[in-house]
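As structure tokens, the structure follows; a few thoughts come after it.
The values are calculated or read from the model by the stated rules, or taken from the named source; none is laboratory data. Everything numeric here is computed off the predicted structure, so don't read it as measured data. All Cβ positions, glycine included, derive from the backbone under ideal geometry; neighbour counts span all protein chains shown. Each accessible area value is taken on the protein alone, full model and side chains, heavy atoms only, with ligands, DNA and RNA left out. Shrake-Rupley method; radii C 1.70, N 1.55, O 1.52, S 1.80 Å.
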Amino acid sequence: MANVQRGKKYGIGARCSLAEKIRNPRINVLGLLVIVIACVVIFRAYFLQVNSYGYYSALAENQHSLFRKLIPERGEIYLKDRDALYPVAVNKETKMAYAVPKEIEDASAASEKIAAILNLDKTDLEGKLSKKDDMYEVLKHRLSEDEIGKIENAKLAGVHLSDEAFRYYPAGELASHVLGFVGWKDNDFGGRYGSELFFDGELKGENGKLFQNKDASGRWIATGDRDITYAKNGDNLVLTIDHIVQYETEKILAAAVAKYQAERGSIIVMESKTGKIISMASYPTFNPNEYAKVENMEAFRNLAVSDPYECGSVFKSITLASAIDAGKITPDMTYVDSGAVTEAGYTIKNSDLKANGKQTMTQVLEKSLNTGVIFAEKLMGNQTFSDYVKKFGFGTLTGADIFAEVPGNLSNFDNYKRNIEFFTASFGQGITVTPLQLISAYNAIANNGVLLKPQIVDQIIHSDGSVTETSATEVRRVISERSAYEITQMLRGVVTDGHGKQANVPGFLVGGKTGTAQVVGPSGGYEDGKSIGSFAGFAPIDNPRFTMLVRLDDPKTVQWAESSAAPTFGELMKFLLEYYHVEPTESYTQADVDKFNQTHTLGNSFLKTDNPEDVKVPAAAPVISTDVNSAFNKKDGQKTKKK
């Protein structure tokens, strides 16, 4: 019986129970689900390891190509070249080194080798290469040819080279103070000086964006969704500067600094009717391709906008123009010059130390009489004089889109009861102005009394191909058209009968004013034997085309600006009038041309220098086809070009 019972429990009865369980539908579904999951896992593994190998290999090894699509291409900068463009800040291709840390087995050993090749810190490198889940780490930008070769020969696992754009200035020193330069600061690449910094927002473009799912630890999920917005490239800038005129300006400035043994200098040339700056030069200068090698920090200073100075007698034109417009004087009005003015215990004398007797206001400007402009200032009154000076744009920024412009200093005008401050300001001492402010004020006279905003950008070419052009911008009317005409005729008298004779150009009506200013020393007083020579003016005065300012700091071979800044002005003005084919309006002789060429030799002395290091030529300066010394001879009542 025991055996029978055991059979009932474990024999035929047991087998029937198992069959019933197999026929249970829930068990069938569970089994099928297990089989399906197994198949999916096997298929996915095959897909990842075989079919998608190329994708994940690219993701790991060429992540850099994706990042390049997220980084915009920097806009380039051009100068004018008549109807064409002349590139001065462009992008060139080089190599950069990057690493894929997950491919590097021994971070310490790899860091030691890379540090030796690329001259990098080993500890910092090891920190980057130890990030095993990181697919991209920048090692070094802008490799040299030697570094590229050594990286390629080292054949280090996980270390790669990739194309990279870098900034290149093909004209070297040309317009370097206006252009500036770019550089790296930490991991940020951008403008660091000049227009590169001022217009950095326009030039650098807009970075792209990448959205991708991450896991709980913050790592990218390789198979997750990815949303990419590609970068927007930066805008191109076309400056108002003409590269031929800029080259000639820098050439003549460098020669003037050398000839007159000046400490430094600056020249600005502006289109009279538009306010467009067609050249702006400072000396000493620098090469933006090698800015890190510059030892003299003064070379970086753009004297035209960043270095205000007491400009001296060149300011007398502003004083007399204001007095004419205020109705206090006329060009023919007279006063008696006693040779000195005493105020608040100070005695102010004329620069020639003479008492000239009865003089007209025109003679005041021609002879540059301090007592005469003080006479005019006293007739206006301190507040009226101050108001005119500010209307001419002094004491505030011009609004030009130029990096590091400063406003100058008119703080001596704060107290209207201190007459002495206004007397000295009437002849350009005791207040400071920038060359850009001064040329803008003279340009207001040339432009019939209307002050224009200085322009440095001619066009902005956007990444979508659209173009934004700049146009002349009127700031305000400073003096009446009649007042502008009268002071212009007086400026012509300075060139024909006064201290500005060497600024004259045969065949043209040139007007302008000299200034030889004292220089404030470290102690606050004026330094003996030091001066700054200036000449500001425009031509032709009957239809102004160009307004120019020349500034030479502490020239040692001559004392007065009439012998340094004035002839520098004349030589460059002659070039401008010929380069732009402005027809002469005045009669002259061959003797006039010969005399001019004998006294204006900056171009000749520059070209013939035995030591090229004395005066540096812009690295990629173009060959100027215009004959700088050409002139028109008067023959039988017709103008013929000199051969």
Within region 112-127, restricting to residues that are closer than 16 Å to ASN153 by Cα and surrounded by 15 or more Cβ atoms within 10 Å (Cβ to Cβ), the one that is farthest from the chain's Cα centre (by Cα) is LYS113
Of ALA566, ALA561, the only residue that is crowded, with 19+ Cβ neighbours inside 10 Å, within 13 Å of VAL510 (Cβ to Cβ) and among the small types (Gly, Ala, Ser) is ALA566
Of (1) surrounded by 17 or more Cβ atoms within 10 Å (Cβ to Cβ); (2) among the charged types (D, E, K, R); (3) more than 26 Å from the chain's Cα centre (by Cα), ARG418 satisfies every one except (1)
Over region 138-162, the set of residues outside any loop (DSSP other than H, G, I, E, B) and hydrophobic (A, V, I, L, M, F, W, C) is VAL138, LEU139, ILE148, ILE151, ALA154, VAL159, LEU161
Just to be sure before I move on: is LYS140 among the basic types (Lys, Arg), touching a strand residue (DSSP E or B) at 6+ places or on another chain (Cβ under 7 Å) and crowded, with 17+ Cβ neighbours inside 10 Å in the structure I sent?
yes
Of the residues in region 509-534 that are in contact with a Lys or Arg (Cβ under 7 Å, 6 or more places away or on another chain) and of a type outside the set (S, T, N, Q), the one that is modelled with the lowest pLDDT is VAL519
When region 432-442 is checked residue by residue, the ones that are surrounded by 24 or more Cβ atoms within 10 Å (Cβ to Cβ) and not in a helix (DSSP H, G or I) are VAL433, THR434
Apart from one, (1) open to solvent by less than 20 Å² (accessible area, probe 1.4 Å); (2) over 23 Å from ALA99 (Cα atoms); (3) touching a residue at least 40 places away in the same chain (Cβ under 8 Å); (4) in contact with an Asp or Glu (Cβ under 8 Å, 6 or more places away or on another chain) all hold for GLU202; the odd one out is (1)
Within region 236-262, residues acidic (Asp, Glu) and either touching a strand residue (DSSP E or B) at 6+ places or on another chain (Cβ under 6 Å) or closer than 20 Å to THR470 by Cα (or both) come out as ASP242, GLU250
Cβ pairs under 9 Å, 6+ apart or interchain, first in region 578-598 and within 21 Å of ASP542 (Cα to Cα) and touching a residue at least 24 places away in the same chain (Cβ under 8 Å), second open to solvent by less than 30 Å² (accessible area, probe 1.4 Å) and charged (D, E, K, R), ordered by first then second residue, are TYR579/ASP242; TYR579/GLU248
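What number of residues in region 71-116 are assigned to a helix (DSSP H, G or I) and of a type in the set (A, V, I, L, M, F, W, C)?
Counting residues in region 71-116 that are assigned to a helix (DSSP H, G or I) and of a type in the set (A, V, I, L, M, F, W, C) gives 6.
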For region 368-387, pairs from a residue that is modelled with pLDDT under 95 to a residue that is in a helix (DSSP H, G or I), with Cβ under 6 Å and 6 or more apart or across chains, are none
Considering region 497-524, residues that are among the hydroxyl-bearing types (Ser, Thr, Tyr) and either crowded, with 24+ Cβ neighbours inside 10 Å or in contact with a strand residue (DSSP E or B) (Cβ under 9 Å, 6 or more places away or on another chain) (or both), and then whichever is farthest from MET573 (Cα to Cα), we arrive at THR516
When you check LEU369 against the structure, is it farther than 19 Å from TYR416 by Cα, touching a helix residue (DSSP H, G or I) at 6+ places or on another chain (Cβ under 6 Å) and surrounded by 17 or more Cβ atoms within 10 Å (Cβ to Cβ), yes or no? no
>> Against the condition under 19 Å from PHE596 (Cα atoms) and in contact with a Lys or Arg (Cβ under 9 Å, 6 or more places away or on another chain), how does GLY537 come out, does it pass?
In response: yes
Turns out the strands (runs of 3 or more DSSP E) fully within region 462-555 with at least 2 residues that are within 21 Å of THR330 (Cα to Cα) are 511-520
* Asked: Any chance region 551-558 includes a residue that's within 24 Å of PHE315 (Cβ to Cβ) and without any contact (Cβ under 8 Å) to a residue 24 or more places away in the chain?
  -> no
With criteria (1) on the phi > 0 side of the Ramachandran plot; (2) touching a strand residue (DSSP E or B) at 6+ places or on another chain (Cβ under 9 Å), GLY430 comes up short on (2)
Residue hits (region 334-389; aliphatic (A, V, I, L, M) and part of a loop (DSSP other than H, G, I, E, B)) are ALA344, LEU353, ALA355, LEU369
For region 163-179 the number of residues that are over 14 Å from TYR78 (Cβ atoms) and part of a loop (DSSP other than H, G, I, E, B) is 2
Counting only residues in region 268-302 that are within 15 Å of the chain's Cα centre (by Cα) and of a type in the set (S, T, N, Q), the one nearest to ARG142 (Cα to Cα) is identified as ASN289
ask   = Can you find even one residue in region 397-406 that is over 23 Å from the mean Cα position of the chain (by Cα) and outside any helix (DSSP H, G or I)?
value = no
Of VAL467, VAL457, VAL475, VAL494, the only residue that is farther than 30 Å from GLU196 by Cα and β-branched (Val, Ile, Thr) is VAL494
Those residues of region 569-578 which are farther than 19 Å from VAL494 by Cα and either surrounded by fewer than 18 Cβ atoms within 10 Å (Cβ to Cβ) or of a type outside the set (Phe, Trp, Tyr) (or both) amount to LEU576, LEU577, GLU578
Over region 143-162, the set of residues within 33 Å of the chain's Cα centre (by Cα) and either closer than 15 Å to ALA107 by Cβ or open to solvent by less than 70 Å² (accessible area, probe 1.4 Å) (or both) is LEU143, SER144, GLU147, ILE148, LEU161, SER162
